[in-house]
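Please treat every number below as a calculation from the coordinates, not as lab data. Quantities reported herein were computed from a predicted structural model and do not represent experimental measurements. Counting neighbours? That spans all protein chains shown, and the Cβs are built from the backbone with ideal geometry, glycine included.
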Amino acid sequence: MEGIEHRTVEVNGIKMHIAEKGKEGPVVLFLHGFPELWYSWRHQIAALGSLGYRAVAPDLRGYGDTDVPSSVNSYTIFHLVGDIVALIDSLGVDQVFLVAHDWGAIVGWYLCLFRPERVKAYVCLSVPYLPRNPKVKPVDGMRALFGDDYYICRFQELGKMEAEIAKDSSEQVIKSMLTGRTTGPLILPKERFLSHPSTKPLPSWLSQEDVAYYASKFEKTGFSGGLNFYRNLNLNWELTAAWTGAQIKVPLKFITGDSDLVYTSSGTKQYIESGGFKKDVPNLEEVVIQEGVAHFNNQEAAEDISNHIYDFIKKF
């Protein structure tokens with residue numbers, strides 16, 4: 001894409017691919033989710049990079065043109081946050097504006113928890129802060145609530161999940177996941193990742209060229225890297241016991257769609273409306289609920305997201 005440059009940096013023992021636009025100005029760091037890439041932020045990189053900011057988006061560990069360690073235990077939250085701290089160091093700055101979505105948002109929350117001095121302000125999409133429940137491991141809690149076929153529980157199946165995904169083309173998997181509009185708990189059918197591969201035309205915000213780009217990268221890496229983020233949820237719970245009850249003190253704006261499966265199925269709406277979110281994140285300045293928008297709001301409502309980011313970070 002025009003004006004976006006690509007390079008590889010050494011961080012935390014791995015080679016990480018980053019896309020960036022803008023040489024000067026404050027750094028805006030974008031973290032993607034599953035099953036995505038730096039490319040998920042293409043519209044925001046272009047927008048913020050043209051507004052005097054240095055927009056930077058990596059392929060996270062296990063994705064795209066970044067290294068894909070083979071060990072499941074190489075994807076703990078300490079590894080993922082360590083990668084981002086090293087990336088910030090490599091950019092030659094002390095602080096960044098952080099923008100993150102889905103699993104990137106979770107990494108972002110822990111970055112704010114572990115190293116808040118590195119984050120000037122945070123624009124978080126889709127996934128709110130999930131305070132640690134000292135009594136229940138996260139995957140165990142999800143299994144009790146939604147059953148064994150809940151997608152995060154199914155993702156724990158090492159090797160088996162990869163084999164199921166491989167029954168469909170990477171292009172079909174990407175198309176179905178990015179355009180899915182499930183508003184309840186995401187349940188995966190047994191023995192098959194996609195029960196009915198999508199034959200619907202692509203929405204206006206996602207082109208065949210976009211799908212092909214994602215698919216080309218996942219054809220190379222497979223999906224194990226991304227799945228391994230989920231496979232460390234219980235281990236992360238054990239590793240982060242010392243932060244039980246800790247608050248996030250970074251200034252924050254939260255944006256989600258009213259058709260996002262996270263907002264509609266995991267207690268997020270109640271967490272926000274009850275004041276629990278504000279209690280855990282006292283510097284939460286604004287919550288934006290986008291009407292008619294689903295999970296991948298940085299792509300579906302790209303211009304609106306770019307405007308929200310700029311309106312928030314220009315105050316600092």
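So the values come out like this:
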quantity: Whether region 41-104 is rounded, prolate or oblate, judged on the alpha carbon gyration tensor where a/c under 1.5 counts as rounded; calculated: prolate
quantity: Magnitude of the charge dipole, region 240-281, Cβ model with Lys/Arg +1 and Asp/Glu -1, debye to 20; calculated: 200 debye
quantity: Convex hull volume per residue in cubic angstrom - Cα atoms of the chain; calculated: 122 Å³
quantity: Between region 1-77 and region 291-310, the Cα center-to-center distance that results, in Å; calculated: 19 Å
quantity: Neighbourhood net charge (10 Å Cβ-Cβ; Lys/Arg +1, Asp/Glu -1) for Val127; calculated: -2
quantity: Extreme residue, positive dipole direction of region 115-191, given options Gly141, Gly184, Leu158 (C-beta unit charges); calculated: Gly141
quantity: Estimated dipole of region 139-240 in Debye, rounded to 20 [Cβ of Lys and Arg +1, of Asp and Glu -1, Cα centre]; calculated: 160 debye
quantity: Within-14-Å neighbourhood charge of Arg118 [Cβ basis; K, R +1; D, E -1]; calculated: -1
quantity: Around Ile14: net Lys/Arg minus Asp/Glu count, Cβ-Cβ under 9 Å; calculated: -1
quantity: Test item: Cα-centred dipole of the chain, Lys/Arg +1 and Asp/Glu -1 on Cβ, debye; calculated: 620 debye
quantity: Alpha-carbon radius of gyration plus Dmax, which is the widest Cα pair, for region 172-242 in Å; calculated: 15.5, 48
quantity: Alpha carbon centroid spacing (whole Å) that separates region 136-198 from region 211-253; calculated: 16 Å
quantity: Amide proton proximity set for Leu194, modelled H, under 5 Å, gap of 5+; calculated: none
quantity: Sparse-neighbour loop sites [trypsin sites (Lys or Arg not before Pro); region 1-95; at most 13 other C-beta within 10 Å; DSSP]; calculated: Lys23
quantity: Whole-Å semi-axes of region 169-316's equivalent ellipsoid (Cα gyration tensor); calculated: 29, 22, 16
quantity: DSSP beta bridge pairing in the chain, given as percent antiparallel to the nearest 5; calculated: 35 percent
